[in-house]
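So the structure is just underneath, and the comments pick up after that.
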C-alpha cells in the first residue's frame, strides 16, 4: 500500500535539520520500500505492507530520533486519503500571488469538523473547509494581516497539525496515484 509520511517542523529556520537522502535511508531501515522524498519540508512517499498508520508513524519517529538526535512527529496518510483530500479542494483555491491556501493535516485527536471552531479566524476573510484528515484554509493574500491564520501558532490545534500548501498536497496526490 502507498503512503505519505508528513514530518512536522523540520528544516524550518535552520531548526531540526534533516537531510532528505538520510531520511530516505532511515525510512528504508524500518521496512519502507519505494521511498522517495518530495521537497525539503518532510514529505516521504513510500510503500509498506502494514495497514496501521499509527504503528508506521511510531516506527519512523523512533528511527528519526535515533538517527538525527531529536524528536520529530510524523503523520502517516494513505494514498486514498491524500487523493480524496486533493479532489475535495476547490480547483479555484490556489497558492499563488493572489491567494494563499494551506492544508492543515490533523493528528487523530483533532481530526474532526469541530476543530474549525477551535481556530480563531475571520469568516469575512478566511474560508476553512474540513476534509477527513485536514482543514483547508483559503484567503486572499491582500487580507493576510486581517486573517486569523497568523494567530494559529502556539494553539492546541497548531501543536497537533502539520501544514503544507495546496500545491504540495496536489503534487503528493499525483505522486501517490496507483498505476
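Are there strands (runs of 3 or more DSSP E) fully within the stretch 45-133 with at least 2 residues that are within 23 Å of residue 12 (Cα to Cα) and in contact (Cβ under 8 Å) with a residue 12 or more places away in the chain? List them. Lay out the reasoning, then the answer.
Numbers: elements: 74-78, 99-106, 127-131.
Strands (runs of 3 or more DSSP E) meeting the threshold: 74-78, 99-106.
I need the full set of residues from the stretch 123-140 which are out of contact with any helix residue (DSSP H, G or I) (no Cβ under 6 Å at 6 or more places or on another chain) and surrounded by fewer than 18 Cβ atoms within 10 Å (Cβ to Cβ), in order please.
123, 124, 127, 129, 132, 140 - these are the residues of the stretch 123-140 that are out of contact with any helix residue (DSSP H, G or I) (no Cβ under 6 Å at 6 or more places or on another chain) and surrounded by fewer than 18 Cβ atoms within 10 Å (Cβ to Cβ).
For residue 24, indicate whether it is modelled with pLDDT of 95 or more, surrounded by fewer than 17 Cβ atoms within 10 Å (Cβ to Cβ) and part of a strand (DSSP E or B).
In short, no.
Quick check: is even one residue across the stretch 138-149 closer than 20 Å to residue 175 by Cα and either in a loop (DSSP other than H, G, I, E, B) or without any contact (Cβ under 8 Å) to a residue 40 or more places away in the chain (or both)?
Among the residues of the stretch 138-149, not one is closer than 20 Å to residue 175 by Cα and either in a loop (DSSP other than H, G, I, E, B) or without any contact (Cβ under 8 Å) to a residue 40 or more places away in the chain (or both), which makes the answer no.
Of the conditions (1) in contact with a strand residue (DSSP E or B) (Cβ under 7 Å, 6 or more places away or on another chain); (2) surrounded by 20 or more Cβ atoms within 10 Å (Cβ to Cβ), residue 81 satisfies every one except a single condition; which number is it?
(1)
Across the stretch 150-179, what is the total count of residues that are over 12 Å from the mean Cα position of the chain (by Cα), closer than 19 Å to residue 99 by Cβ and outside any helix (DSSP H, G or I)?
Residues flagged as over 12 Å from the mean Cα position of the chain (by Cα), closer than 19 Å to residue 99 by Cβ and outside any helix (DSSP H, G or I) within the stretch 150-179 amount to 1.
Check the stretch 163-176 and report whether any residue there is over 21 Å from residue 46 (Cα atoms), buried (at least 18 other Cβ atoms within 10 Å of the Cβ) and either touching a residue at least 24 places away in the same chain (Cβ under 8 Å) or assigned by TED's automatic domain parsing to the domain that holds residue 45 (or both). Break it down stepwise before answering.
First pass over the stretch 163-176, keeping only residues over 21 Å from residue 46 (Cα atoms): none.
Within the stretch 163-176, none of the residues are over 21 Å from residue 46 (Cα atoms), buried (at least 18 other Cβ atoms within 10 Å of the Cβ) and either touching a residue at least 24 places away in the same chain (Cβ under 8 Å) or assigned by TED's automatic domain parsing to the domain that holds residue 45 (or both).
The values are calculated or read from the model by the stated rules, or taken from the named source; none is laboratory data. Here the structure is a predicted model, which is why all the values come from computation and not from measurement. Here Cβ is always computed from backbone atoms with ideal geometry, including for glycine, and neighbour counts include all displayed protein chains.
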